[in-house]
Amino acid sequence: MTKMTVRRFRGTICEEGLMNAKSSLCTISEDEINWARQNSIFKAQRDYNTGMHNAERRGYNKGVSAGMAAGERRNAIKNAKNALSMGLSPEQTAQITSLPLEQVLTLKEELEKQKETAVQ
């Protein structure tokens, strides 16, 4: 057990232990305030980084989806041209490639023009 020193000062009793406790309490309070400030800054940085990461991820996914759609469309057009050049009807080609019939008819016209310019 620690020994407490009691002193008389102008009629009041002052204990060194109480004074040390008050000093420690002020230090702890300051530490808690600093911790709260630092923690608040850390949370703000973490929230910002999380938001940026999520936005980057959404942008990436959107770009991948757009790229995949463009690739599928190019592939469908290529397949439609091949099917038309093999002699399939535009209706069959549209059904096979899932392209609109109007687009298949346009592709057929383009192929016919290319054949005409190749013959000349």
Q) Do we have Ala69 as assigned to a helix (DSSP H, G or I), within 20 Å of Lys113 (Cβ to Cβ) and not polar (S, T, N, Q) here? A) no
Q: Give the residue, chosen from Leu84, Leu105, Leu99, Leu111, that is surrounded by 10 or more Cβ atoms within 10 Å (Cβ to Cβ) and assigned to a loop (DSSP other than H, G, I, E, B).
A: Leu99
Q | Hits in the stretch 62-81 (condition: within 33 Å of the chain's Cα centre (by Cα) and open to solvent by 80 Å² or more (accessible area, probe 1.4 Å)) | A | Lys62, Met68, Glu72, Arg73, Arg74
Q: State whether the residues of the stretch 32-52 include one that is among the small types (Gly, Ala, Ser) and at pLDDT below 90.
A: yes
Q. Of the residues that make up the stretch 79-87, is at least one in contact (Cβ under 8 Å) with a residue 24 or more places away in the chain, charged (D, E, K, R) and at negative phi?
A. yes
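The values are calculated or read from the model by the stated rules, or taken from the named source; none is laboratory data. A quick note: this is a predicted structure, and the numbers were derived from the prediction, not measured. Note that each Cβ is placed from the backbone with ideal geometry, even for glycine, and that neighbours are counted across all protein chains shown. Just so you know, the surface numbers come from the protein's heavy atoms only, side chains and all, with ligands and any DNA or RNA stripped out. Shrake-Rupley method; radii C 1.70, N 1.55, O 1.52, S 1.80 Å.
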